[in-house]
């Protein structure tokens with residue numbers, strides 16, 4: 001039971017990450033490596049400000065930090081025309097130093113002795129808050145993001161990801177749309193990191209290693225469950241995918257003979273396989289055609 | 001309405017592959033004029049369109065639209081008053097978005113409330129009504145993703161997107177060339193009606209010399225980055241495709257060597 005609840009909590013917190021990844025990966029069709037840095041950015045900003053006694057402010061500051069990181073990547077891609085993947089990598093590696101600076105040069109920070117958001121919710125014990133808060137936060141941001149992508153500006157962003165040529169020929173500023181969506185995406189990623197830091201009671205910069213794969217796995221698992229029909233369903237499936245991913249990981253670490261450090265390899269393999277499905281299907285189809293052709297020859 | 005003054009565009013200037021795509025082109029369109037543009041490949045027709053739209057900046061010369069100097073205006077700013085339909089039906093619409101959503105994007109020329117929900121119910125009704133005028137049975141498929149439509153249907157949607165807020169200038173870049181003859185005819189008919197209805201100032205590139213003479217009220221032939229001749233009024237009314245070829249021969253002292261244009265001599 002405890003395992004189930006733990007996975008629910010983490011699934012929801014990482015679900016916010018999955019929302020951010022969905023924006024860059026599916027809506028803009030650009031895998032955004034900034035994620036690796038902005039998750040840790042949110043984590044460290046949140047930890048540093050919580051340690052200074054402002055756990056609520058910490059969350060907002062972390063989101064702002066993530067948005068900033070995203071817009072740096074966005075501006076590099078649009079204004080400076082640096083390759084999308086490279087801009088993400090550049091921001092990510094730059095953030096590594098910044099994150100260490102935020103944590104005063106140390107790679108981790110404990111929040112055990114300071115009040116976090118989870119200890120401050122009225123009428124709720126800390127253990128209850130650790131369930132209620134992640135669920136509430138994930139659902140709130142899920143709803144907000146769905147609404148946003150049905151507004152005019154949200155639709156412009158979707159069109160940029162769908163057909164950039166068309167958007168260029170209409171009166172919409174493609175660059176503004178891109179920078180804005182990278183900001184929103186990374187603000188969500190940083191928010192996820194910020195909540196994780198307070199949830200765990202410590203911040204460790206290395207916990208963001210491989211976080212992009214976690215997010216991608218969630219998005220892909222979600223799509224395997226719900227299909228790819230509309231953007232609303234897409235966001236819902238991203239959060240659901242994150243939840244399922246957590247359960248898979250929990251089961252894998254508990255019942256498999258693999259040691260815990262193999263987790264990232266397992267996730268990487270899951271993501272690679274899921275992304276390869278269309279190509280594998282095609283291969284099978286062609287192999288069948290060839291076989292059929294030979295049979296008739 | 002549109003005034004292109006002495007436009008020059010040199011690509012790859014200062015390199016061995018330097019190429020003058022527009023060579024001192026001047027063209028003036030009065031409001032409501034419908035000008036067809038013909039010319040062989042590499043004549044500079046599409047370059048001229050790209051220059052007007054702001055895909056690149058001119059090397060020399062100026063462009064005015066409705067009295068405003070747009071020579072150095074950003075592409076998306078010009079798009080507020082210029083509608084453009086490309087040859088490739090894939091280019092003008094977002095395939096994973098519905099007809100309604102695509103139209104709503106285009107409608108943003110008229111309304112710019114970034115955080116309002118789109119399309120509103122009122123807008124949706126307007127789009128439905130407008131698209132039903134095309135007679136392509138698209139009005140019952142407003143929630144269909146555009147990627148599922150045929151090329152002709154997509155060009156019709158693109159045309160409506162470009163004209164739902166009447167632009168100051170409509171640019172049609174061989175917009176029926178990728179369609180089968182019957183569909184091309186239909187889209188051309190819709191085009192003619194739409195342009196007439198809104199009295200749109202229009203430039204249309206076509207490879208079909210017969211339809212270049214049949215549609216609109218003025219025909220311009222381009223060659224090697226220049227305007228070779230410019231026909232309108234009575235002079236144009238008496239012109240046949242053979243006359244066009246003769247005009248080309250007289251000014252270039254060589255025969256027009258373009259299979260695509262010649263093959264369509266007899267057509268339509």
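Each value in this text was obtained by applying a stated rule to the coordinates, not by laboratory testing. Predicted model, so just to flag it, every value in this text is computed and none were measured. Cβ coordinates were reconstructed from backbone atoms using ideal geometry, including for glycine residues, and neighbour counts include every protein chain displayed.
Things worth noting here:
- For B:53, A:177, order by how many other beta-carbon atoms lie within 10 Å, fewest first: B:53, A:177
- Peptide-level mean, for B:71-79, of C-beta atoms on other protein chains within 10 Å: 3
- Ranked by how many other Cβ atoms sit within 10 Å of their own Cβ, fewest first, the residues B:56, A:41 fall in the order B:56, A:41.
- Dimensionless Rg/Rh of chain A - Kirkwood Rh, Rg from C-alpha atoms: 1.02
- Shape analysis of chain B yields a ratio of the Cα radius of gyration to the Kirkwood radius, Rg/Rh, of 0.98.
- Of every Cα-Cα pair in segment A:1-129, the percent that sits beyond 19 Å: 57
- Across peptide B:90-97, the average count of Cβ atoms from other chains found within 10 Å of a residue's Cβ is 6.
- Directionally averaged shadow of the protein assembly as shown, computed from the convex hull of its alpha-carbon atoms, nm²: 34.8
- log10 of Debye I(q)/I(0), alpha-carbon scatterers only, for segment B:114-263 at 0.11 Å⁻¹: -0.53
- Rg/Rh for segment B:102-186, where both radii come from Cα atoms and Rh is the Kirkwood radius: 0.97
- Degrees, to the nearest 10: A:174-200 long Cα axis against longest axis of chain A: 50
- In plain terms, the residue of A:289, A:8 with the fewest other Cβ atoms within 10 Å comes first and the most crowded comes last, giving A:289, A:8.
- Within 10 Å of the Cβ of each residue in A:157-167, the mean number of Cβ atoms contributed by other protein chains is 6.
- The simple Förster model, with R0 at 22 Å and r as the Cβ-Cβ distance, assigns residue A:139 and residue B:117 a FRET efficiency of 0.60.
- Between 0 and 90°, nearest 10: helix A:231-255 axis offset from chain A longest Cα axis: 70
- At full extension, residue A:286 and residue A:83 could sit 69.7 nm farther apart than now, given 0.36 nm per residue minus the alpha carbon distance.
- Within the listed set A:208, A:170, A:93, the residue fluctuating most in the Gaussian network model of chain A (springs between alpha-carbon atoms under 10 angstrom) is A:170.
- DSSP assigns beta bridges within segment B:2-263; of those with both partners inside it, close to 55 percent run antiparallel.
- Between helix A:84-102 and chain A: long-axis angle, C-alpha atoms, 0 to 90°, nearest 10: 10
- Fraction in percent of alpha-carbon pairs per bin - 5 Å, segment B:56-202: 2, 9, 19, 21, 21, 14, 8, 5, 1, 0
- All-pairs alpha carbon distance profile, segment A:68-170, 10 Å steps from 0, percent: 12, 21, 30, 25, 10, 1
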